[in-house]
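A short write-up of the structure that comes next.
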Amino acid sequence: MEKTFLMVKPDGVQRNVVGEIVARFEKKGFQLVGAKLMSIPRELAEEHYGEHKERPFFGELVDFITSGPVFAMVWQGENVIATARQMMGTTNPKDAAPGTIRGDFGLTVGKNIIHGSDSPASAEREIGIFFKEEELAEYTKLIDGWVY
Ligand SMILES: Nc1ncnc2c1ncn2[C@@H]1O[C@@H]2COP(=O)(O)O[C@H]2[C@H]1O
């Protein structure tokens with residue numbers, strides 16, 4: 001079963017939408033296998049956003065993601081990487097469709113509420129950066145028979 005890394009960014013935590021975001025993925029049928037509220041150390045933020053190192057907004061991005069606690073999560077389910085990105089909406093909330101997380105809660109690309117892995121390789125890398133093996137729960141939900 002596919003896993004992805006999702007993170008409510010500092011703006012989402014401050015704006016009290018953690019519960020609503022978790023509820024959306026739960027209601028969709030995905031399974032939460034790991035979660036924690038945490039402050040990201042600068043080095044971890046730089047590693048997480050390493051692919052953007054040469055971008056002009058890199059410093060701003062790292063400053064922002066370390067500016068307050070984030071809610072880091074691992075979710076599991078069929079096609080969860082792509083489906084979660086659809087549920088998040090486009091990176092820039094100004095283009096995100098209503099009904100998506102960024103479309104409903106965000107206004108600017110710098111404060112776009114949520115991050116989600118964009119491929120199986122980045123999901124594996126990001127889960128490994130943020131979570132230890134023992135922080136992830138493997139369990140069965142009886143309701144899965146009504147989801148799949
Ligand atoms: N022009 C920009 N200025 C500031 N931040 C940006 C810009 N473009 C992209 N980003 C951020 O860079 C982030 C990289 O991955 P995220 O999906 O977390 O969401 C992206 C945006 O929040």
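Of note:
- Any hit, the range 17-39, residues being within 15 Å of the ligand (Cβ to nearest atom), part of a helix (DSSP H, G or I) and out of contact with any strand residue (DSSP E or B) (no Cβ under 9 Å at 6 or more places or on another chain): no
- Note on the range 55-71: residues that are part of a loop (DSSP other than H, G, I, E, B) and small (Gly, Ala, Ser) amount to 2.
- Residue tally, condition part of a strand (DSSP E or B), over 22 Å from Thr66 (Cβ atoms) and hydrophobic (A, V, I, L, M, F, W, C), over the range 89-115: 0
- Where a residue in the range 124-143 is under 12 Å from Ala72 (Cα atoms) and its partner, wherever it lies, is open to solvent by 90 Å² or more (accessible area, probe 1.4 Å), with Cβ under 7 Å and at least six apart: Ile129/Glu47
- Residue in the range 135-146 that is among the aromatic types (Phe, Trp, Tyr) and open to solvent by less than 50 Å² (accessible area, probe 1.4 Å) present: no
- Identity of the residue in the range 95-123, in contact (Cβ under 8 Å) with a residue 60 or more places away in the chain and open to solvent by 50 Å² or more (accessible area, probe 1.4 Å), that ends up nearest to Phe5 (Cα to Cα): Pro120
- Leading residue by the ranking (nearest to the chain's Cα centre (by Cα)) among those in the range 116-132 that are within 13 Å of the ligand (Cβ to nearest atom) and part of a loop (DSSP other than H, G, I, E, B): Ser117
- Residue that is surrounded by the fewest Cβ atoms within 10 Å (Cβ to Cβ), among those in the range 46-62 that are over 17 Å from Ser117 (Cα atoms) and of a type in the set (Asp, Glu): Glu54
- Within the range 40-63, being within 13 Å of the ligand (Cβ to nearest atom), out of contact with any helix residue (DSSP H, G or I) (no Cβ under 7 Å at 6 or more places or on another chain) and touching a residue at least 24 places away in the same chain (Cβ under 8 Å) holds for Phe57, Glu60.
- Filtered residues of the range 68-92 (kept if within 13 Å of the ligand (Cβ to nearest atom) and among the small types (Gly, Ala, Ser)): Ala72, Ala84, Gly89
The values are calculated or read from the model by the stated rules, or taken from the named source; none is laboratory data. Keep in mind that what you see is a predicted model, and the values were worked out from it rather than measured. Cβ atoms come from the backbone with ideal geometry, glycine included; neighbour counts cover every protein chain shown. The protein model used for the area step is the full one, side chains on, heavy atoms only, and it has no ligands, DNA or RNA in it. Shrake-Rupley method; radii C 1.70, N 1.55, O 1.52, S 1.80 Å.
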